[in-house]
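Below is one structure, written out as structure tokens; comments come after it.
Values quoted throughout were computed directly from the atomic coordinates according to the rules given, and no laboratory measurement underlies them. In this text, all values refer to a predicted model and were calculated from it rather than measured experimentally. For neighbour counting, all protein chains shown are included, and Cβ atoms are generated from backbone atoms with ideal geometry for every residue, glycine included.
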Amino acid sequence: MGRPGLHRGMARTSFFNEEVSSRCHFSRTCPLVRRLCTSNSPSSSSIFSLSSPASRRHTPQIRAWSGGSAQQIPGIITSGTDRRLLATKSPRLRVAVDVDEVLGRFLFALNQFCKDRYGMEYGVSDYWIYEFAKIWNCSQEHSNHIVHEFFKSQHFTEGIPVIPGALEALTRLSEAQYELVVVTSRQHVIQDVTLDWLDRHYGGLFQEVYFGNHFALEGKSRKKSDICKTIGAKVLIDDNPSYAQECAAAGINVLLYDWDGAYPWSKLPASGVVNKELIRVVRDWGEVEQELALLAPQLQQGEEEQQDGS
Ligand SMILES: [Mg+2]
């Protein structure tokens with residue numbers, strides 16, 4: 001497995017930053033996004049079926065977060081009746097998985113784009129924080145422009161490599177007692193590309209996909225902790241220490257994905273972390289499986305007690 005620090009590129013960033021996304025032009029122009037962002041009714045939005053060639057696996061049903069309230073979020077959608085019955089008899093643990101830097105090397109592709117288009121030379125080890133303007137030493141507006149140019153490029157649509165070991169581990173987990181869903185802070189403006197990428201690289205593994213739509217100009221955003229709580233995700237796998245702290249404070253277990261210990265931004269503060277015992281640092285997908293195996297018995301017991309009490 002290659003060390004992330006050896007690759008040029010990566011870090012997620014200001015594009016997830018409120019100020020940046022608040023200037024997003026795509027959300028004004030994309031009809032799909034406009035529909036999602038303006039809808040308050042779950043029935044009028046966001047259940048996506050991805051059509052794909054029979055020659056490859058595909059994610060049967062994907063749902064995007066439309067910004068509705070918790071009460072408006074429909075129940076769990078599974079890929080089939082058998083699965084629904086299985087879930088009823090023996091609850092499967094819902095595990096939420098982030099996209100960027102956990103499933104795919106966003107920063108790697110972004111840095112490649114920056115080098116090819118602007119002659120900028122950055123590597124993963126440069127990103128002590130996941131805010132591009134601070135790393136690139138430019139204005140928020142300029143970094144926003146670069147990131148949105150990146151969204152329109154092949155570097156983004158076709159150039160984001162998967163994280164090694166993720167597919168194999170997720171396949172094993174999905175065949176065990178886990179139900180996998182994606183919870184990403186990505187915006188609705190890049191929803192279609194994201195779904196296509198997930199389908200291409202991780203088809204058939206995720207039951208649902210939720211977009212937090214963070215920092216978007218239009219449409220509501222939702223905190224990851226709220227999404228996880230609402231959909232019953234017991235564990236979040238994420239590289240962002242801010243989301244890790246937010247979810248831990250809400251009582252959700254977190255696996256903080258710091259690939260090979262070489263994600264500079266993916267470090268917890270030395271003090272002041274609420275429920276720090278709920279956050280475990282993992283350095284690759286093998287460690288994810290190990291930690292989930294340790295967590296599963298207690299979480300499963302909690303699930304069953306909850307069901308018995310209801
Ligand atoms: Mg991430």
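Can you work out the FRET efficiency for the pair Glu121 and Asp192, with r the C-beta to C-beta distance and R0 = 25 Å, to the nearest 0.05? Intermediate values should be presented prior to the final figure.
Details: r = 31 Å, r/R0 = 1.23.
That pair, Glu121 with Asp192, gives E of 0.20.
Does the stretch 187-249 come out rounded, prolate or oblate, given a ≥ b ≥ c as the square roots of the eigenvalues of its C-alpha gyration tensor, rounded meaning a/c under 1.5 and, failing that, prolate meaning a/b above b/c?
oblate
A crude spin-label estimate for the pair Lys223 and Ala293, with each label 7 Å from Cα along the Cβ direction, gives 3.4 nm.
Note on Glu304 and Ala270: the model spin-label points, each 7 Å out from Cα along the C-beta direction, lie 4.4 nm apart.
Using the count of nearby Cβ atoms within 10 Å as a rough guide to exposure, how do Ser139, Ser242, Ser225 rank from fewest to most? Before the final figure, lay out each step's value.
Details: Ser139 10, Ser242 14, Ser225 21.
Ordered from fewest to most neighbouring Cβ atoms within 10 Å, Ser139, Ser242, Ser225 come out as Ser139, Ser242, Ser225.
Applying a DSSP loop filter and a limit of 14 other Cβ atoms within 10 Å to the trypsin sites (Lys or Arg not before Pro) in the stretch 223-284 leaves Lys267.
In what sequence do Ile129, Ile231, Ile237 fall when counting other Cβ within 10 Å, fewest first?
Working: Ile129 13, Ile231 22, Ile237 26.
Least to most surrounded, the residues fall as Ile129, Ile231, Ile237.
The label point for Lys134 and the one for Glu149, both projected 7 Å from the Cα toward the Cβ, are 2.4 nm apart.
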